[in-house]
Amino acid sequence: MKTKIVNIEALDEAALIDLEAAASLIRAGGTVVFPTETVYGLGADAMNPQAIKKIFAAKGRPDDNPLIVHIAGLDEVKPLVANIPAKAEMLMKVFWPGPLTIIMEKAVTIPTEVTGGLNTVGVRFPDHPIAQAFIKMARCPIAAPSANRSGRPSPTQGKHVLEDLDGRVDGMILSSDAELGLESTVIDMTVEPPVVLRPGDITLAELREVLGDVEVSSNVTQNVVPEKVSSPGMKYTHYSPKGELVVVKGAPEEIREKITRALSHHKGKPMTIGVLASDETMDFYREGFILSLGSRNDPKEMSKNLFSRLRTFDELGVERIYAEDIPLNNETLALINRLYKAAGYAFI
Ligand code: TXA
Ligand code: MG
């Protein structure tokens, strides 16, 4: 199929015409990629099961993995859910529009294709002017996963979307790079205390400030505390670059030594090697492709860059990537969660 691609930076008159055309593709049951503040999304009419099936086909996504439903106004939540828990309403007031997906009991009208057969639905009101205008113009809630081929790093730039989905979707709205670079925080509000299923830019500390007690899914804690990983050798395919990614752990000097030693082992051998370092440490390494994730003092910058750096290693043809480990704290939980998943929990 030929994908209709438009570039929109600002919501001027020409942009509104392009947006209207993209919205009409959605109303006709098609698929359209659109920008959000987290990552690009691949959208379709959430109330149209045939349209939803096209999302799964374009991504190559297993059909039991539920999609997030995107809205562009607080009044759009009610028709999607069986009820709005009081605490969920508090979250909406504080964090919406923004990078927070709230899981609630679903309304019977939501197709099971959207929720992967679950009786809950994740709802998100993105904080992005183009996303909001697009959803409004479509006049329907928009189900959208990240706009990558299943298993690949989520797309934070227009070129990533083109790489993965050109020719596989009906339309694309391309724009500036995603501001945050990691997907939204997902919180399950159907249980008490609420449980964070996926960490993101809205941190655990921020959620606890509003809700009091909040738990973190064991899937996430197992992620970041390697001793707890049940089967470290297990082959996950989340967010993965084409090269083999390994996270290097230890005190800062130990990390440098381990990577330097690994690089010297590879010297003179045909394998292409890369290092995912930081602004503060990148000059230390002398072999291979060295990329910085950003400053160690700026977790937001590092988060914004992670997925695009993984794709850059692919472009460079890097076959093995050594990534420096990142110290765990409230601000780095989401970043570490994605990095470890991308590495399939391979550590040295
Ligand atoms: O930032 C984001 O959330 C982006 C942008 C496009 O909004 N979307 C995104 O969607 O990351 P996706 O499909 O790549 O990730 C959705 C995550 C998945 O891990 C899915 O399992 C979980 O949310 N999820 C969705 N609905 C759920 C539900 N009802 N119960 C539990 N988990 C759910
Ligand atoms: Mg995704």
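Throughout, read-outs are computed from the coordinates displayed, never taken from laboratory work. Treat the numbers as computed from the prediction; the structure is a model and nothing was measured. Backbone-built Cβ (ideal geometry, glycine too); neighbour counts: all protein chains shown.
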| field | Summed residue charge, Cβ within 12 Å of Val81's Cβ, Lys/Arg positive, Asp/Glu negative | value | -1
| request: Take the alpha carbon atoms of the stretch 53-108, find their center, do the same for the stretch 12-29, and report the distance between the two centers in whole angstrom. | output: 23 Å
| remark: The helix 299-315 Cα axis meets the longest alpha-carbon principal axis of the chain at an angle in degrees, between 0 and 90 and rounded to 10, of 80 degrees
| request: Could you tell me how many degrees, from 0 to 90 and to the nearest 10, lie between the Cα long axis of helix 129-138 and the main elongation axis, the longest principal axis, of the Cα atoms of the chain? | output: 40 degrees
| note | Over the chain, the sum of -39500 (n - 2.57) across DSSP H runs of at least four, divided by residue number and rounded to 500 deg cm²/dmol, gives at 222 nm -10000 deg cm²/dmol
| remark: Rh (Kirkwood, all Cα-Cα pairs) for the stretch 4-216, Å, reads 16.9 Å
| said: How many angstrom lie between the Cα centre of the stretch 282-309 and the Cα centre of the stretch 117-172? | reply: 26 Å
| query | Among the lysines in the stretch 244-342, how many pairs, 8 or more places apart or on different chains, have alpha carbons under 26 Å apart? | reply | 11
| request: On a 0 to 90° scale, report how tilted helix 49-59 is relative to the longest principal axis of the chain, with both axes built from alpha carbons and the result rounded to the nearest 10. | output: 20 degrees
| message | Under a Cβ-only charge scheme (Lys and Arg +1, Asp and Glu -1), can you give me the dipole magnitude of the stretch 1-157 about the Cα centre, in debye to the nearest 20? | response | 480 debye
| note | As straight-line cross-link partners of Lys93, the qualifying lysines (C-alpha separation under 18 Å, not fewer than 8 residues apart within one chain) are Lys78
